[in-house]
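Presented below is the structure to which this report refers.
Coordinate-derived values only; no laboratory data. Given the structure is predicted, the values throughout are model-derived calculations rather than measurements. Neighbour counts are summed over all protein chains in view; Cβ atoms, including those assigned to glycine, are modelled from backbone coordinates with ideal geometry.
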Amino acid sequence: MLQAMPKAATPVILNDTARQQLEQWVAAHATPQQVALRCRIVLAAAGGANNVAIAKERDVDVKTVALWRKRFAQVGAQGLWEIAPGRGRKPIHGPEKVKAIVQATLQTKPAGATHWSCRTMAATQGVGKDLVNSIWRTHNIKPHRTKTFKLSRDPHFLDKLTDVVGLYMNPPEKAIVLCVDEKTQIQALDRTQPGLPLKKGRLGTMTHDYKRNGTTCLFAALDVMQGKVVGQCHGRHRHQEFLKFLRRLDAEFPAPLKLHLVMDNYGTHGHPKVKAWLKRHRRFTFHFVPTSASWLNMVERWFGHITDKAVRRGAFASVADLERAIEEFLQAWNKNPKPFVWTASIESIMEKLQRAGRTLEDIKPGCTKPRGRKPKEPVISATQH
């Protein structure tokens, strides 16, 4: 009597990249166990083992081995992540309750508070806090967090935006574009007690209270193309200190090159003595960002770096210590500068701002209109009739 020949196993061929990917998934703690099992089956099949041997080694059915060999051969490694929904326990609360929780979170506030918490919402809706938390995660609702914003009301916003973004995306030839600003009131804070260093299983510590030892002001100019930063610390930020910094920039960069400075509308930048200095130094051109639009000045991004890396977690016994730390950060940054790349077009910025403006106008009409100076009322003396 003739016996049917067993079906040939689906061949599995792995290149180095696929093998490395499967091995990483097997080793990763976050990989679901059923996915890790499928990866081991494929790796064993690629090593030449037959279905029976793999099934015996992994304590699974031979059909399971054949299934995942075939699935890998058809759709590749991503097919191993197909996880069929289990039967599990049916949800107690239906879609009506989910909808009620979402609407209550978005459209109401709890009595005496500004926003909902999991516990207050759970108590109001008569459900568990874990269910509320799960619903919020599913719908990406975070009532405990807010984002700050400010829409500029500058009547010349578009002209200034076009000027500055044009410098970023199409800088002029034989010129250097510098983003200039001052980071004022940097405090030299010293801790009242020494902290404990970082070690395995324990965070570094620092006391929550501190002692103030003075402040300094950092004038900085970020080279948009190269990423290098010229910085200078002063005790104050008047027009006198700003002029000193401009002279530093004049000496720092070769004379033939034009210097285009992007800056905000701080009073010292438009001081009469600064304007007079500009007339004598024609290589300098100031470009002002719109009011309430400091996000257009890329040196603000660099200020975030120095604050996070050198200032916030430091302990400074004096202003000199603080300025020394700032200078060390500047030197380290300029050894391997990393320029920030501006990618947002004028059209995309305006579209986003107009969308935000329409939303705000629906809430409070007139709140985004350009501010104009109020006309002065005539003074009427007591003798006039």
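For the chain, modelled as a Gaussian network with Cα springs under 10 Å, which listed residue fluctuates most, CYS39, CYS118, CYS367?
CYS39
For segment 330-336, in order, what is each residue's ³J(HN,Hα) by Karplus, 6.51 cos²θ - 1.76 cosθ + 1.60 with θ = phi - 60°, in whole Hz (x at glycine and Pro)?
4, 5, 5, 4, 6, 6, 9
Which order, highest average first, do 53-60, 332-339, 231-238 follow once you tally other Cβ atoms within 10 Å for each residue and take the mean per peptide? Walk me through the numbers before you get to the answer.
Working: 53-60: 15.0, 332-339: 12.1, 231-238: 16.9.
Going from most to least packed, we get 231-238, 53-60, 332-339.
Provide the net charge surrounding THR120, with neighbours chosen by a C-beta distance below 14 Å and charges set as Lys +1, Arg +1, Asp -1, Glu -1.
Net charge in that neighbourhood comes out at +3.
Any chance you could run the full-extension gain for GLN187 through HIS93? It's 0.36 nm times the residue separation minus the Cα-Cα distance, nm to one decimal.
Contour length minus Cα-Cα distance gives 28.5 nm.
Which order do the peptides 206-214, 261-269, 139-147 come out in when sorted by mean C-beta neighbours inside 10 angstrom, highest first?
Peptide ranking by packing, descending: 261-269, 206-214, 139-147.
Roughly how many nanometres apart are two label points built 7 Å out from the Cα toward the Cβ at HIS29 and THR343?
Here the modelled spin labels are 3.2 nm apart.
Looking at this model, which pairs from LYS309/LYS352; LYS183/LYS338; LYS244/LYS352; LYS183/LYS211; LYS275/LYS369 are more than 28 angstrom apart at the alpha-carbon?
Flagged as over cut-off: LYS309/LYS352; LYS244/LYS352; LYS275/LYS369.
With the crude spin-label approximation of a point 7 Å out along Cα→Cβ, what separation in nm comes out for THR215 versus GLN78?
Distance between label points: 5.4 nm.
Please work out whether segment 16-81 counts as rounded, prolate or oblate from its C-alpha gyration tensor, where a ≥ b ≥ c are the square roots of the eigenvalues and a/c under 1.5 means rounded, while otherwise a/b larger than b/c means prolate and anything else oblate?
Prolate is the answer for segment 16-81, as a/c is 1.5 or above and a/b outweighs b/c.
Check which residues have an amide H placed less than 5 Å from ALA188's amide H, if you skip close sequence neighbours.
For ALA188, whose amide H was placed from the backbone, the distant partners under 5 Å are ASN213, GLY214, THR215, THR216.
Relative to the Cα centre, what is the charge dipole magnitude of the chain, using +1 at the beta carbon of each Lys and Arg, -1 at the beta carbon of each Asp and Glu, and rounding to the nearest 20 debye?
Using Cβ point charges on Lys, Arg, Asp and Glu, the chain gives about 660 debye.
Can you figure out the FRET efficiency of MET169 with LYS335, using R₀ = 30 Å and their beta-carbon distance, to the nearest 0.05?
Once the sixth-power term is evaluated, E becomes 0.65.
What does the charge add up to near GLN354, with Lys and Arg as +1, Asp and Glu as -1, over the other residues with Cβ less than 11 Å from its Cβ?
On the way: positive: LYS352, ARG355, ARG358; negative: GLU347, GLU351, GLU361.
Summing Lys/Arg as +1 and Asp/Glu as -1 gives 0.
Can you list the HN-Hα couplings for segment 164-178, worked out from phi with the Karplus curve (6.51, -1.76, 1.60; θ = phi - 60°), rounded to whole Hz and with x for Gly and Pro?
The phi angles translate into 6, 4, x, 5, 5, 8, 9, x, x, 6, 6, 8, 10, 9, 10 Hz.
So in the chain, what percent of DSSP beta bridges are antiparallel if you round to the nearest 5?
If we restrict to bridges inside the chain, about 65 percent are antiparallel.
Provide the FRET efficiency to the nearest 0.05 for the ALA123-LYS147 pair, computing r from the beta carbons and using R0 = 25 Å.
For ALA123 and LYS147, the calculated efficiency is 0.35.
Stretch LYS369-LEU278 to full length: gain in nm at 0.36 nm per residue minus the Cα-Cα span?
On the way: separation 91, 0.36 × 91 = 32.76 nm, distance 3.28 nm.
Going from the current span to full extension adds 29.5 nm.
With θ set to phi - 60°, apply the Karplus curve 6.51 cos²θ - 1.76 cosθ + 1.60 along segment 356-365 and write out the HN-Hα couplings as whole Hz, x wherever there is a Gly or Pro.
5, x, 4, 5, 5, 5, 5, 7, 9, x
For the chain, set up a Gaussian network in which alpha carbons nearer than 10 Å are linked by springs, and say which option among VAL75, VAL164, VAL102 fluctuates the most.
In the Gaussian network model the winner is VAL75.
Stretch THR162-ARG358 to full length: gain in nm at 0.36 nm per residue minus the Cα-Cα span?
Gain in length upon complete extension: 68.4 nm.
Using a basic spin-label model with each label point 7 Å from the Cα along Cα→Cβ, how many nm lie between LYS244 and LYS200?
For LYS244 paired with LYS200, the spin-label model returns 5.0 nm.
Determine, for TRP277, TRP116, TRP342, the number of other Cβ atoms within 10 Å of each Cβ, and report the residues in order from fewest to most.
The most exposed by this proxy come first: TRP342, TRP277, TRP116.
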